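Let me begin by presenting the structure, written as structure tokens, before commenting on it.
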Amino acid sequence: MSDTEDRMNETASVRKASPESISEGAALIRAGKLVAFPTETVYGLGANALDDRAVASIFEAKGRPQFNPLIAHIPDFSWAAGFAEITETASRLARKFWPGPMTLVMKRRPDCPVSYLVSAGLDTVAVRLPGHATARALIEKAGVPVAAPSANISGTVSPTTAEHVRQGLAGRVSLIIDGGPCAVGVESTVLDVTGEVPVLLRAGGLTVEDIRGVTGDVLFPEKDPELPRSPGQLSSHYAPSLPVRLNASEAREGEALLGFGPAGKAVLNLSPSGDLKEAAANLFAFMRALDKKEFSGIAVMPVPTAGLGLAINDRLKRAAYPHRVTQRS
Ligand code: TXA
Ligand code: MG
């Protein structure tokens with residue numbers, strides 16, 4: 001058995017940041033495992049952002065009842081051009097504040113390789129170049145963008161030490177890299193930079209005053225209903241244009257059947273073997289694939305609500321009731 005395999009079979013080990021632990025973490029990420037790592041804001045729970053199943057296991061480990069979109073972390077600005085459309089505003093902010101506590105939400109390029117689960121099905125992708133050298137070294141060595149929410153169980157406070165991470169996630173993560181306490185201690189500022197003026201989606205470590213110094217202006221979604229919102233707000237979640245019918249046992253005339261478990265006639269099957277992690281990994285990509293004019297609707301077979309099934313069902317319900325969802329936001 002290789003070192004890496006050995007490591008995977010252990011429950012969370014905490015290792016001081018070093019070239020060795022960083023190499024080990026990078027190998028684990030490439031192998032589809034979860035690695036907690038320090039950033040200057042809070043500790044992140046990282047997985048290969050190109051690997052749908054690895055990203056699904058982030059939600060599983062956090063026990064998140066919903067698929068919020070995640071940040072793809074990169075070690076160098078040049079990587080962003082490979083998956084996002086970089087506006088002039090994005091480029092100016094990135095040159096000034098990266099590496100640092102700022103996340104930029106940009107349009108996905110048509111050929112963007114980042115998992116749709118990272119985007120929670122949206123046409124945008126959030127990108128951050130962290131200021132912490134260990135984080136950058138880890139991502140650089142892994143050679144893939146790293147999807148990472150804060151490394152805590154859903155609904156608990158964000159961790160700013162490796163010990164916080166261990167308390168919450170021991171046994172759910174392959175490795176915790178200890179880089180000491182986080183210098184900033186609050187999450188990154190999230191900005192939608194798809195337009196000319198940045199829209200503040202989440203206040204964080206980079207101040208509005210600093211941002212104004214570069215762009216002159218910043219917009220606040222709570223003051224303008226027309227602006228994009230953080231996907232915590234239901235209305236901005238990806239919704240298919242076709243009607244979605246839940247708990248279907250078979251497709252009606254014109255419908256595409258999205259299967260789960262044994263299903264002979266499904267156009268696509270979230271997981272023929274009934275594996276919830278596989279289903280979560282496929283969910284957004286498959287909904288998009290079926291959202292085509294050739295069908296009159298999408299009929300979805302029942303998915304159990306245990307484990308990741310809760311988040312899958314949350315998402316499916318929103319897809320099935322877009323109008324109610326918009327009103328609730
Ligand atoms: O400081 C941080 O940002 C930490 C470290 C680990 O980098 N990460 C973090 O991730 O706080 P998380 O998942 O807890 O928060 C990500 C935020 C959420 O508010 C989410 O809604 C927003 O970023 N976000 C991610 N992708 C988005 C997208 N495509 N459009 C709009 N908002 C997005
Ligand atoms: Mg968080």
The rounded separation in angstrom of the Cα centers of the range 146-164 and the range 72-129 is 21
Using a Cα-Cα cut-off of under 21 Å, which lysines could be cross-linked to Lys141, ignoring same-chain neighbours fewer than 8 residues away?
Lys16, Lys33
Based on Cβ point charges of +1 for Lys and Arg and -1 for Asp and Glu, what charge dipole magnitude is obtained for the range 41-144 about its Cα centre, in debye rounded to the nearest 20?
280
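How much length is gained if the chain between Ser296 and Ser78 is pulled fully straight, taking 0.36 nm per residue apart and subtracting their Cα-Cα distance, in nm to one decimal?
Length gained, Ser296 through Ser78: 74.3 nm.
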Total formal charge among the other residues, if their Cβ is under 10 angstrom from that of Asp52, Lys/Arg +1 and Asp/Glu -1
0
Rounded to the nearest 20 Debye, what is the dipole magnitude of the chain about its Cα centre when Lys and Arg each give +1 and Asp and Glu each give -1 at the C-beta?
500
Out of Leu117, Gly179, Gly100 - ranked by how far each Cα lies towards the positive end of the dipole of the range 92-240, with unit charges on the beta-carbon of charged residues - the top one is Gly179
Which residues does the label zone of Lys96 cover in the range 190-209, counting backbone N under 11 Å from a point 7 Å along Cα→Cβ?
198, 207-209
Expected output is a single nm value to one decimal: the length gained when fully extending between Ala170 and Ala203, i.e. 0.36 nm times separation in residues minus the C-alpha distance. What is it?
9.0 nm
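So if each residue of separation counts as 0.36 nm, and I subtract the Cα-Cα distance between Ala133 and Ser249, what length gain in nm does that give?
Taking 0.36 nm per residue and subtracting the Cα distance, the gain is 36.6 nm.
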Inter-probe distance in nm under a simple model that places probes 7 Å from Cα toward Cβ, at Lys223 and Ala285
4.1
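Can I get the semi-axes of the range 155-228's equivalent ellipsoid? Compute them from the C-alpha gyration tensor as square roots of 5 times the eigenvalues, in angstrom, largest first.
Over the Cα atoms of the range 155-228, the semi-axes work out to 33, 14, 10 Å.
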Using a 10 angstrom cutoff on alpha carbons, build the Gaussian network for the chain and name the most mobile of Arg53, Arg315, Arg288.
Arg288
Among bridges DSSP assigns within the chain, what percent are antiparallel (round to 5)?
45
Order 122-133, 37-48 from most to least packed using the mean count of other Cβ atoms within 10 Å.
37-48, 122-133
Sum of -39500 (n - 2.57) over DSSP H runs of 4+, divided by residues of the chain (222 nm, nearest 500)
-9000 deg cm²/dmol
Let me know the charge dipole size of the range 100-172 about its Cα centre in debye, to the nearest 20, where only the beta-carbon of Lys, Arg (+1) and Asp, Glu (-1) is charged.
60
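Bear in mind these aren't lab numbers, they're just calculated from the coordinates by the rules spelled out. Keep in mind that what you see is a predicted model, and the values were worked out from it rather than measured. For neighbour counting, all protein chains shown are included, and Cβ atoms are generated from backbone atoms with ideal geometry for every residue, glycine included.
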